[in-house]
Amino acid sequence: MEDPATDVSSWPERIASGDAGAETELARYFGPKIEFILRRRLRDPALAADLCQDTLIVVIERLRGKGIDEADKLAAFIYRTAEYLANNRGRRRQRRNTHSDTSHVEEAASKAPLIEDLIEREELARMVRESIAELGQSRDRQLLRRFYLGDEDKTDLCREFGISPAHFDRVLYRARQRFGELLQRRLGSDHIEALR
Amino acid sequence: MTNVDSNPEARRIDDYLRGRLSEDQTRQFELRMLEDDRLFAEVQRVELLRTGLARLPDQLKEPAPSAAMPIGQREAPWLLQWLQPALSAVLLLAVVALGIGNTSLRQQLEESQAPRTGIPVITLHDQRALFPGMQGDADSSVARDGPVLLEIDVSAHQEQAFRVEIRSARDTTIHERVVPDARGYLTVYLPDGPTSVAVSTEQGEVVRRFGTD
């Protein structure tokens, strides 16, 4: 769940009353998540980043003006807005350049990058190599790759490799744990809580 | 957490990242991710692991180049030495052939945007010839050699998703909530034989119709 210090439900009211700080907090909290979702959906990081910013601006302009009916459903409202903009991205050109006084929102969103954008390509390869090297057996490494990359079923893989589902679970768990540790070490204290 | 993958949450994350959730389950999961920092972090971590794995196989399988010999001085196999000029010549010929091709720029653009499926794609350009009634007259049945993909321009309509009904001699197939691509086109698969297509809004208003109904 969200950090207790992040009082999401207070943002609509604060933004309606002109609190730019709440707008920045909203952008930093929801921006990376929306961008991640859009990136997966659109397979176009640049377009996803643009649509994410559009989403935040549309939401904030709405909160500044008419507001939303249920403040406790802010996340759902943001999600629907992102979904709508993604589905109507062909009409995006007309929508741009109509926003005012939102540069702090764009800046806040850009300062909260996705984890994958913080890791260099070679560095990621090294961390993954190190994580799976510790699995020991070549069979376990193959299992991991075929599950995540080959999109093969756990049941089929267990049968083919002659292992139990419990062993399969352990392989994935150990790889994830080790990778998580390396990631935490690399990213520092800012991300340790979130990644634990 | 003693064992991530016996945990339903971990399985859910895997299913999400591997595209195994239904549309509705995906929306629910993403909405939950918006409200849950910890879940979002875990999803990012597993996605990063998948990305890293995808980049590894070649590096793991291929032996590292010999450090003793600079890259430019490595000895190529004799077959490669022979093939290199031949391949260069073939490439040059291909470039020349492409350069003098008489396909219009417009057609090239449409073709480059079409999905690559191995079966023909009927673009907007071709529809006008194949479907004289494409503006809504519905006066022609569709005769084709084999199945095709049909691209339907719905960019003039505001709806996010459409209902597509494909009627053939054998059966009728209905696709709900088909979302247009970035150009505002729907792409549908038409089986072999006479076929009619009706595109309607979710409220039931027919916006495009092709072929004999």
Where A:Tyr29 falls short, out of the listed (1) surrounded by 17 or more Cβ atoms within 10 Å (Cβ to Cβ); (2) within 21 Å of B:Phe40 (Cβ to Cβ); (3) in contact with a helix residue (DSSP H, G or I) (Cβ under 6 Å, 6 or more places away or on another chain):
(3)
Can A:Asp69 be described as modelled with pLDDT under 90, surrounded by fewer than 16 Cβ atoms within 10 Å (Cβ to Cβ) and either among the acidic types (Asp, Glu) or over 28 Å from B:Val43 (Cα atoms) (or both)?
yes
Looking only at segment A:150-172, and only at residues there that are outside any helix (DSSP H, G or I) and without any contact (Cβ under 8 Å) to a residue 12 or more places away in the chain, the one that is nearest to the other protein chains (Cβ to nearest Cβ):
A:Asp151
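Among the residues of segment A:137-149, which ones are surrounded by 11 or more Cβ atoms within 10 Å (Cβ to Cβ) and not in a helix (DSSP H, G or I)? Steps first, please.
Just the residues of segment A:137-149 that are surrounded by 11 or more Cβ atoms within 10 Å (Cβ to Cβ), to begin with: A:139-149.
Residue satisfying the conditions is A:Leu149 alone.
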Look through B:Ala68, B:Ala10, B:Ala54 and report the one residue that is modelled with pLDDT under 90, assigned to a loop (DSSP other than H, G, I, E, B) and among the aliphatic types (A, V, I, L, M).
B:Ala68
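The values are calculated or read from the model by the stated rules, or taken from the named source; none is laboratory data. Because the structure is a prediction, the values reported are computed rather than measured. Heads up, the Cβs are rebuilt from the backbone with ideal geometry, glycines too, and the neighbour counts pull from every protein chain shown.
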